[in-house]
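Here is the structure we will look at.
Quick note: the coordinates plus some simple rules give every number you see, no bench work behind them. Everything numeric in this text was worked out from a predicted model, so none of it was measured. FYI the Cβ positions are ideal-geometry reconstructions off the backbone, even for glycines, and counts take in every protein chain you see.
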Amino acid sequence: AVHIRDQEIGHAEQIAFARNFGKVTPAHPHEEEPPEGFPEILPIDSRRYERHLGRKRTSYDNSWHTDVTALVNPPAASILRAHILPPYGGDTAWTNLVAAYENLPKELRDFADKLDIKHQFNARAVAGSQRDRKVREANLVTYHPAVRVHPVTGERALFVSPGFTRGAREIRGYSPTQSEAILKLLWDEATR
């Protein structure tokens, strides 16, 4: 994670900054209310989630996750920009999945290198809402290796986002019980 403090930028400047790193994708396949003219921006605002879920939350999924891993080609990176900060809370924690992979014993790294894990978007939306309909019409499901290799550096990183693999609990070739145990071990290492 790179932190750039004390910046006063808007949506256009954020998108221009992101373009320095490659093609900027839409914020989320199920986003229905991006800021006008900026489909690449996913607003995370407790006021809008309250409308969709009928209860106060800051996100549709506030568990630890890597963004939108259920896509066939998930984003290479995400940019988080704070616009309105609460007087307390609102913390965001980051983890280093390269370090998590490297921290595993060699035998477990070798094992993880061979795993394919199901990633699925598990939406929490009010039944009958537009978001609920969108998710049902185009539920995102794909398999990804448990370990991704950076195309430039060759670094290996765990790719086991609990936000997208918890509901699926499926590793190709393993039973649900075995998958659950293996995933828990990898999730624990990713957040340790």
_Distance-filtered residues of segment 146-189 - backbone nitrogen under 14 Å, label point 7 angstrom along residue 102 Cα→Cβ_ = 150, 153-158
*With a 10 Å radius around each residue's Cβ, average the other Cβ atoms per peptide and rank 143-151, 102-110, highest first.*
143-151, 102-110
*Please go through the residue pairs 23/184; 23/118; 114/184; 23/134 and name each one whose alpha carbons sit more than 28 Å apart in this structure.*
23/184
*asked:* How far apart, in nanometres, would the label points at residue 25 and residue 110 be if each is projected 7 angstrom from Cα along the Cα-to-Cβ direction?
replied: 3.3
*Can you tell me which of 176-186, 77-87 comes out highest on packing, and rank the rest after it, using the mean Cβ neighbours within 10 Å?*
176-186, 77-87
*What's the center-to-center distance, using Cα atoms, between segment 69-105 and segment 135-165 in Å?*
13
